[in-house]
Amino acid sequence: MSVEAALLQRHSVREYSGDPVTLAELSQLLWAAQGITHSRDMRTAPSAGALYPLELYVVAGRVDGLEKGLYRYRIGDHDLLEVSREDLQEELAAAALAQDCVADAAAVIVVAGVVERTAVKYGERALRYVHMEVGAVAQNVYLQAAALGLGTVYVGAFRDARIKQVLRMPDPEDPFAILPVGRPQ
Ligand SMILES: Cc1cc2nc3c(=O)[nH]c(=O)nc-3n(C[C@H](O)[C@H](O)[C@H](O)COP(=O)(O)O)c2cc1C
């Protein structure tokens, strides 16, 4: 699919069929979000000063080839680190103001970030820059989902402290966006 066609197809999808996504599809979405590109240090989304403050989590519900649970995407290795085999999707949805799209998704990608990484160079503009970077990541995921025939929605309404707890985020990290993914109904 061309970029133009993906842009034309892009829209928010909040209702999913209940069918699983494959590990290859999830892998492709994660790569689109923050994958390594032409050199060891460069990624699919731009980053202020190439300081790369963002981290990705996955709550896998129905992913063929992946156990239910919580994972961290290891960007440099393009693999998933298992954090927990617990089914955290309902808790995650509750922390996102009980939005059904989070509860019903086949998998949920959570974009987190460490603002201090960017603040080292940009001081008080860092938080603004991190939000800008999250927007680029979300659009990448939307376009990749469109190209794969999958649906996603950029969820910004959630309780930060509760998301941090549910996903066991280390202290310097904060959640910035939730991207549920599934097959459109
Ligand atoms: C910053 C931001 C936060 C959003 N938060 C939510 C959300 O919490 N829940 C939701 O269902 N949609 C959310 N959306 C999606 C918008 O509702 C959606 O993009 C808008 O209705 C336009 O529709 P489209 O994406 O299909 O073009 C958010 C979008 C943005 C950019």
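Scanning region 45-66 for residues that are open to solvent by 40 Å² or more (accessible area, probe 1.4 Å) and either in a loop (DSSP other than H, G, I, E, B) or over 30 Å from A126 (Cβ atoms) (or both) returns P46, L51, R62, D64, G65. Selection of strands (runs of 3 or more DSSP E) fully inside region 77-185 by the criterion of at least 3 residues being open to solvent by 10 Å² or more (accessible area, probe 1.4 Å) returns 79-84. For region 8-28, the candidate set comprises residues that are assigned to a helix (DSSP H, G or I) and surrounded by fewer than 13 Cβ atoms within 10 Å (Cβ to Cβ); within that set, the residue that is nearest to the ligand (Cβ to nearest atom) is L8. Only residues that are touching a Gly at 6+ places or on another chain (Cβ under 8 Å) and free of Cβ contacts under 8 Å to residues at least 60 places away in the same chain were counted in region 142-177, giving 0.
The values are calculated or read from the model by the stated rules, or taken from the named source; none is laboratory data. Since this is a predicted model, take the numbers as computed values, not measurements. All Cβ positions, even for glycine, are placed from backbone atoms using ideal geometry, and neighbour counts span all protein chains on display. Heavy atoms of the whole protein, side chains included, go into the accessibility calculation; ligands, DNA and RNA do not. Shrake-Rupley method; radii C 1.70, N 1.55, O 1.52, S 1.80 Å.
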